[in-house]
1. May I ask you to give the percent of accessible area on the range 58-133 that is carbon plus sulfur, with a probe radius of 1.4 Å?
2. Rounded, prolate or oblate: which one fits the range 144-233, using the alpha carbon gyration tensor with axes a ≥ b ≥ c (rounded when a/c is under 1.5, else prolate when a/b beats b/c, else oblate)?
3. Among ILE20, ASN134, GLY240, whose Cα sits farthest toward the positive end of the charge dipole of the chain (+1 at Cβ of Lys/Arg, -1 at Cβ of Asp/Glu, about the Cα centre)?
4. Over the Cα atoms of the range 1-142, how large are the radius of gyration and the largest Cα-Cα distance (Dmax), in Å?
5. Using C-alpha positions alone, give me the convex hull volume of the chain per residue in cubic angstrom.
6. Just to check I understand the Karplus step: with θ = phi - 60° and J = 6.51 cos²θ - 1.76 cosθ + 1.60, what whole-Hz values come out for the range 127-137, glycine and proline as x?
7. For every other residue with a beta carbon closer than 15 angstrom to the beta carbon of HIS16, add +1 if it is Lys or Arg and -1 if Asp or Glu, then tell me the sum.
8. When a/c reaches 1.5 or more, the comparison of a/b and b/c decides; with that in mind, is the range 14-55 rounded, prolate or oblate per its Cα gyration tensor?
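The values are calculated or read from the model by the stated rules, or taken from the named source; none is laboratory data. Keep in mind the model is a prediction, meaning the values are calculated, not measured. Cβ coordinates were reconstructed from backbone atoms using ideal geometry, including for glycine residues, and neighbour counts include every protein chain displayed. Quick note on the areas: whole protein, heavy atoms, side chains included, nothing else; ligands and nucleic acids left out. Shrake-Rupley method; radii C 1.70, N 1.55, O 1.52, S 1.80 Å.
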Amino acid sequence: MKSVKEKLNINKIPRHVAIIMDGNGRWAAKHGSERIFGHEHGVESVRSTVEGAGDIGIKYLTLYAFSTENWERPKNEVDALMGLLVQAIENETGELMKNNVRLGTIGDIKKLPPDVAAKLNECIRLLEKNTGLNLILALSYSSKWEITEAIRNIVNDVKNGKIQSKDIDEKLFEGYLSTAQIPDPELLIRTSGEFRISNFLLWQIAYSELYFTEKLWPDFRKEDLFEAVYDFQNRERRFGKISEQLFS
Ligand code: FPP
C-alpha cells in the first residue's frame, strides 16, 4: 500500500503552510507531568515537521511558537519557553544548515529577552544564504498587534509625505505587514482539536484552507503534515467563484 507521502501530487504542494502548535500542556498532563515537559517534547515535533516540509518542497513554513498573549502565562512557563527556544536554536542550527533551511521571524521581536533575540539573530545570519525551506517562527506575535503596527506606520508615512492616502489599497497594506515578503498560506493547520484561529495571520488566511487534527502537538510528526497536505490537495479552492469557472 502507498504511503500518504507517495500519494501526494508533487505539482500541487502548498507553497506556504502555517501551523498553530497546540496541546503541549494537555499532552504533559496526560503523561502526569508539568506543562514544560509537553513543550520539550514539542521540539521533536518541530524537528520532524520541518524535515517533512523540506522533503516535499514546501517553501514557507510558519510556526506559531509564542503569541503576544502568551506573555501573560506564569513567569516560570514563559522563562522555560524562552530557554527552550535558545536551546533548540543552539542544537538545531547545524541540522537546519545541512537541510538548506533559512530562518525568519514575525512578531514583536524587541519584546524577547536580549539573549534570545541575540541567539535568533545569530542563527538567522548563519542561515541567510540558504535556498530551501523558509522556516518562519511567529514569536511574540499576534495579528491584531501586526495590523495595528501596519496602520501606525502607514499613517506616519502619509504624514511624512512618503505615500498619499489615495495610494492605500490591499497591496500597499500587505507591504506593511510583517509577512510583506511572504506569500499567504494556502493551508493552516491547528492541532489538539481546538477550532480557533487565536489571533494568528488574520489578514493572510483570508482564503487559506483550514485543517484541524485531534493530535496534540507533541504527537505530531511529518506523516501528519503529509496527511494534512493530502487532504488539502483533495479540496476545491474556488476563491469566491463557482466550480465551473475554475475549469473553463
Ligand atoms: C501551545 O500549547 C504551545 C505553545 C504555546 C508553545 C509552542 C512551543 C514549542 C513547541 C516549543 C519550542 C518551539 C520551537 C519553535 C523550537 P499549550 O501550552 O497552549 O497547550 P494546552 O492548550 O494543552 O495548554
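1. Ligands and nucleic acids excluded, carbon and sulfur reach 53 percent.
2. Prolate.
3. GLY240
4. Reported Rg and Dmax, both Å: 15.8, 50.
5. Dividing the Cα hull volume of the chain by its residue count gives 158 Å³.
6. 9, 5, 8, 5, 10, x, 4, 9, 8, 10, 9
7. +1
8. In terms of gyration-tensor shape, prolate.
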